[in-house]
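Colleague: Please find one structure pasted underneath; my questions will follow.
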Amino acid sequence: MFSHPHSRPSRFIFLALLLFTAILFPVGQTHAAAPDPAWSSKGMASTAHPLATAAAQKVLEDGGNAVDAALAAIYTLDVVTPYSEGLGGGEFWVVHWAKDGSVITIDGRESAPAAAKQNMYLDTAGAVIPGLSTYGPLAGGVPGSVAAREEALKRYGSMKRSRIMKDAISAADKGFILTPSQGAIFEAAGPYFQQYETSGAVMFKSDTTTWSVGDRFIQKDLASTLKRIAKDGGDEFYRGETAEEFARYMQEVGGIITAQDLADYTPIVREPIHGEYRGYDIYSMPPPSSGGIHLVQILNILEEWNLEQFDRYSARYYHHLGEAMEAAFADRSHFLGDPAFVNVPTEGLTSKEYAVELRSSINSLWERKVRGPGDPRMYMENPPDSLIKPSHTSHLSVIDQWGNMVALTTSVNTHFGSKVIVGSNGFFLNNTMDDFSIQPGHPNAFGLIGEQANAIRPEKRPLSSMTPTLVLKDGKPFMAIGAAGGPRIITSTLQSVVNVIDFGADIQEAISDPRIHHQWSPDYLFIDPEISPDCAKELYRLGHRVVRYDLGSVVQGVMIDPETGLYFGAADPRAGGTAAGVR
Ligand code: GLY
């Protein structure tokens, strides 16, 4: 496996050392050992569901490229993980094209409908109307996913759409078996589906009981929509029968997305955010995502510290990570928004010089300034829900035999988006309007706050945290990675990259490791429950308001070992994804 100047000893030596240490010091690290990553000599995909990974794998094996495979996987995910993403959502692609060495991004983020207003989620007294930006037809932006996919297909695709979408259509038509965790997700959303007949018709098995574990979940309406898209592509979604039904249904249930909004939607090809970290080139998503800027900003802050001096499971290491994250998220809330509407100081935010200034403002190398009272909630099994909310989104990563790479993050925002299935189209409308700052200082579903830069305007794209990321070494493909999980997307992607580059972890270990998260507001250092109580206490002593809680982020990554040329891939053990290579 990839050997790095800072890499750990071989697995055998490591295990021997661990055994020796365990005998001498019985109280050791508490995290579980990760299994070996998937490997192949010819290409690799990692997605959030085994059927989507299999669809990508088959395309790669049939001679398709990374974009063909990503398309096959993403359309399959629309069917098998409709709570995370779907045709009614938005997404960001980062693509490395090996032939010319280029890296581009495709912005398929939802846009605010033309009739959207800055105060549309406020009552006449200026107070936020609870639930209006997260649930129901007004919560949805104009979907961009299909447009982004069409752009990717047009630029790079080598297979016909009908071939690429074959497995997705079959999964919708013939159904697939729900897993225990999917059954639980369906059940939790059950009460919301009651309000919209279209949602109930698809999601309920009988009366108000949702389909559940072991059931074969069939989606005939979605299969029909997918077949129409397979035939006529973006034209069908934005101007055809699907668009007509979309606009008709929005009128019926009081939504504001019109046929004109759909016809006007365009994906945008953007230059990636580029940073350098310890000799690696990092490419990620620019605004309207905050992901790329803050990934690079945090890496810049970390770069001057010799992270090797820390045990990577120690409070000292987490302290430094948390401080760097906090500095970046403070800037996110103030400066970031859709670049068509605000002047984002990208160059400054990603400069090494600015990182020097931020690092010097981190109080001291070892002790954090205590910013308020302590928090007894670190001693609670289940902290209040308002601290960290359920989320979703989906990330997939692919590298093909030619070295083309795709990192693709896609979302309907929170589970099942607005919870509204769009008429007879069979897909959920997103609730991504909630990613705008609906009122200055009012936290969104992820507790993030924002200001004017991310205020609602017609046709504006809401700020995102999605961080699809590619890493190149000496111009050659090295890694494709990214995550799901709201703002934890940025920090989970970051920690996985650092685990590989600084600590020489293999891709599975890098993704499986416990993680932390700080987003400046609220001022809590969230830590995975796998991190020991002793470590939590040490962080608390250093001045952090610590909350031990399942962070709910999910990473999918693939990479090429520069020494052997072998491909490795891993899916996050926190969710049901898989990685698989060309056989
Ligand atoms: N909807 C989550 C994000 O884009 O950050």
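Each reported figure results from applying straightforward, stated rules to the coordinates on display, with no laboratory input. Only a predicted model underlies this, so the values are computations on that prediction, with no experimental measurement involved. Counting neighbours? That spans all protein chains shown, and the Cβs are built from the backbone with ideal geometry, glycine included.
Colleague: May I ask for log10 I(q)/I(0) of region 397-486 at q = 0.16, 0.22 Å⁻¹, from a Debye sum over the Cα atoms as equal point scatterers with solvent left out?
Modeller: Listed by q, the Debye log ratios stand at -0.80, -1.03.
Colleague: Kindly rank 344-357, 395-408 from highest to lowest mean number of other beta carbons found within 10 Å of each residue.
Modeller: Top to bottom by mean Cβ count within 10 Å: 395-408, 344-357.
Colleague: Can I ask one more? Which of the pairs 352/476; 58/160; 58/476; 220/419 have their Cα atoms more than 20 Å apart in this structure? Write out the running numbers ahead of the final one.
Modeller: Values: 352/476 23 Å; 58/160 14 Å; 58/476 25 Å; 220/419 18 Å.
Where the Cα-Cα span goes over 20 Å, the pairs concerned are 352/476; 58/476.
Colleague: Taking the Cβ of residue 213 as the centre, find all other residues whose Cβ is under 12 Å away and add up their charges (Lys, Arg: +1; Asp, Glu: -1).
Modeller: Result for the local shell: 0.
Colleague: Taking the simple approach of a point 7 Å from Cα along Cα-to-Cβ for both residue 361 and residue 125, what is their distance in nm?
Modeller: 3.6 nm
Colleague: Can you tell me how much longer the chain between residue 266 and residue 232 gets when fully stretched, taken as 0.36 nm per residue apart minus their C-alpha distance, in nm with one decimal? Kindly include the intermediate steps, with their values, before the conclusion.
Modeller: Working: separation 34, 0.36 × 34 = 12.24 nm, distance 1.67 nm.
In short, 10.6 nm is gained.
Colleague: I've got another one for you. Taking the Cα centre of the chain as the origin, how large is its charge dipole in debye, to the nearest 20, when only Lys and Arg (+1) and Asp and Glu (-1) carry charge on their Cβ atoms?
Modeller: Numbers: 49 positive and 66 negative charges, 98 e Å.
In total the dipole reaches around 480 debye.
Colleague: Between residue 241 and residue 550, what's the calculated FRET efficiency when r is the beta-carbon distance and R0 is 51 Å? Round to 0.05.
Modeller: Once rounded, the FRET efficiency stands at 0.75.
Colleague: What angle, in degrees between 0 and 90 and rounded to the nearest 10, separates the Cα long axis of helix 50-61 from the longest principal axis of the Cα atoms of the chain?
Modeller: Its long axis makes an angle of about 90 degrees.
Colleague: Amide H neighbours of residue 571 under 5 Å, at least 5 residues apart or on other chains, H built in the peptide plane: list them.
Modeller: Those qualifying (amide H under 5 Å, at least 5 residues apart or on another chain) are 579.
Colleague: Can you give me the Rg/Rh ratio for the chain, using Cα atoms for both radii and the Kirkwood formula for Rh?
Modeller: Details: Rg = 22.6 Å, Rh = 23.8 Å.
Ratio of gyration radius to Kirkwood radius: 0.95.
Colleague: What value in Å³ per residue do you get for the convex hull of the alpha-carbon atoms in region 112-175?
Modeller: Values: hull volume 8.1 nm³, N = 64.
Considering the Cα atoms of region 112-175, their hull volume per residue is 127 Å³.
Colleague: What's the exposure ranking of 207, 561, going from fewest to most Cβ atoms within 10 Å? Before the final figure, lay out each step's value.
Modeller: On the way: 207 7, 561 16.
Neighbour counts put them in this order, fewest first: 207, 561.
Colleague: Along the charge dipole of the chain, Cβ charges K/R +1 and D/E -1, which of 453, 224, 554 sits furthest on the positive end?
Modeller: Result: 224, furthest along the dipole toward the positive end.
Colleague: Report, in cubic angstrom per residue, the convex hull volume of the C-alpha atoms of region 200-330. All intermediate terms of the calculation are to be shown ahead of the outcome.
Modeller: On the way: hull volume 32.1 nm³, N = 131.
Dividing the Cα hull volume of region 200-330 by its residues yields 245 Å³.
Colleague: Okay, which of region 63-77 sit inside 14 Å, backbone N to the point 7 Å along the Cα-Cβ direction of residue 402?
Modeller: Those under the cut-off are 63-70.
Colleague: With labels modelled as points extended 7 Å from the Cα through the Cβ direction, what inter-label distance (nm, one decimal) is found for residue 351 paired with residue 452?
Modeller: So the two model labels end up 2.3 nm from each other.
Colleague: At what distance in nm do the modelled label points of residue 220 and residue 194 sit from each other, each positioned 7 Å from its Cα along Cα→Cβ?
Modeller: Using points 7 Å along Cα→Cβ, the separation is 2.6 nm.
Colleague: Sorted by mean Cβ packing within 10 Å, highest first, what order do the peptides 270-279, 563-572 take?
Modeller: Values: 270-279: 17.2, 563-572: 22.0.
Going by the mean number of other Cβ atoms within 10 Å, highest first, we get 563-572, 270-279.
Colleague: Please label the shape of region 135-265 as rounded, prolate or oblate, based on the square roots a ≥ b ≥ c of the eigenvalues of the alpha-carbon gyration tensor (a/c under 1.5 means rounded; beyond that, a/b larger than b/c means prolate, else oblate).
Modeller: Numbers: a/c = 2.27, a/b = 1.24, b/c = 1.83.
Because a/c hits 1.5 or more and a/b fails to exceed b/c, region 135-265 counts as oblate.
Colleague: What residues have an amide H closer than 5 Å to that of residue 427, excluding those fewer than 5 places away on the same chain, when H is modeled at 1.01 Å from N in the peptide plane?
Modeller: Here 422 satisfy the definition.
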